[in-house]
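These notes are about the structure you will find just below.
The values are calculated or read from the model by the stated rules, or taken from the named source; none is laboratory data. Given the structure is predicted, the values throughout are model-derived calculations rather than measurements. With ideal geometry, Cβ positions are generated from the backbone for all residues, glycine too; neighbour counts draw on all protein chains shown.
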Amino acid sequence: MKRAFSGVQPSGVLHLGNYFGAIKRFTDFQDEYDCYYCIVDLHAITVYQDPKELPRLINDTALYYLAAGLDPEKSTLFVQSDVPCHAELSWMLECVATFGELSRMTQFKEKSKGNESFSSGLFTYPVLMAADILLYDADVVPVGEDQKQHVELCRNVAQRFNSRYGETFKIPEAIIPKFGARIKSLQDPEKKMSKSDPNPLGYISLSDSKDEIVNKVRRAVTDSGREIVYSPEDKPAIANLITIYSLCTGLEFSEIEREFEGRGYADFKQALADAIIEALAPIHEKYRRYAESGMVATILKQGAAKANEVSSQVLKRAKQRMGLSLLADPVGRKLR
Ligand code: AQP
């Protein structure tokens, strides 16, 4: 069976972008791939996280993975910091990645902009992500569009490592959805929907109540005119709302345009809020059942045991290739 790997940061409550761009799709891979899904807490701490809040966010992210349909019998779900190989391989890969290629990463440029004292972890974040992926010999990496550049860097670093030290890593491929790969902020269609957006009106969290959803959709920015047409260039705000409506209902853009022909933004927004509420209802229900079951800790513990087993073999291989650690070589070749 081929392998899939992906992760989500526990840096806030997950939103519609994380859902449609990533975790909903994770479940589609479960029958075809041997899946490893990680809660990447080491990535989250590249910006400050309150240590009193972080455990709750980690648990919450696991609950949303499960509520979205991830089956722990089919997929391995674990927390990154429970598997030490990630940090160890990351350092080895930092010695292969170059300062220049990391400087070109768009996410780093955006997150460090106007901030003079960002952490060095924010800069090396994509290398840790490369380690995450390569440790599982992943064939595919289902992600939203914002992570495409990071998967490309992972491929480049792995290829460089392989040509310098000999065949070691499988070269993975990013799988980006056709629609929903980049859901935009409800307040600024130039920006992606993001959980660390300081303005909560910009995103719809998976935990939002019906009233919050109605309020956020009602206050979402629109474009000039009043027609409901999908035209990302001329009407980026409406195109974003149509995309969300399409993802929630399964309707084609043309069907949506027909449904709302001659009707205004207010009607469309009401229907959109209803569609989001309906799409999130089963997730809320499943979230509640998993939270009450108290099963999450056991699922994460079992997942970490399996992830440690698989990743330690790949790390050992990489160490041997690099000529590190006498103990990494089981036949003690270097001890002669
Ligand atoms: N707006 C989005 N549209 C589609 N997909 C998205 N993803 C994130 N935002 C959107 C995808 O969700 C997965 C998990 O993302 P992440 O938590 O690892 O980090 P991120 O991409 O940086 O997401 P956020 O919400 O913007 O987090 P913060 O604000 O903490 O940086 C990834 O597959 C991502 O592509």
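Data overview
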read-out	value
Which listed residue is crowded, with 21+ Cβ neighbours inside 10 Å and out of contact with any Cys (no Cβ under 8 Å at 6 or more places or on another chain), from Ala4, Ala44	Ala44
Some residue of the stretch 187-202 being within 12 Å of the ligand (Cβ to nearest atom), within 25 Å of Leu89 (Cβ to Cβ) and part of a helix (DSSP H, G or I)	no
Output for the stretch 198-207, where each listed residue is touching a residue at least 40 places away in the same chain (Cβ under 8 Å) and either surrounded by fewer than 20 Cβ atoms within 10 Å (Cβ to Cβ) or more than 17 Å from Lys184 (Cβ to Cβ) (or both)	Leu206, Ser207
Some residue of the stretch 150-158 being assigned to a loop (DSSP other than H, G, I, E, B), at pLDDT 95 or above, in the same structural domain as Pro55 (by TED's automatic domain parsing) and away from the ligand (no atom under 16 Å from the Cβ)	no
Positions within the stretch 47-106 being polar (S, T, N, Q) and over 25 Å from Ala305 (Cα atoms), in sequence order	Gln49, Thr98, Ser103, Thr106
Candidate set: the stretch 137-169, residues that are within 15 Å of Val314 (Cα to Cα) and free of Cβ contacts under 8 Å to residues at least 40 places away in the same chain; chosen: the one surrounded by the most Cβ atoms within 10 Å (Cβ to Cβ)	Ala158
Complete set of residues in the stretch 237-274 that are within 21 Å of Tyr65 (Cα to Cα) and either aliphatic (A, V, I, L, M) or outside the structural domain of Ser205 (by TED's automatic domain parsing) (or both)	Ile244, Leu247
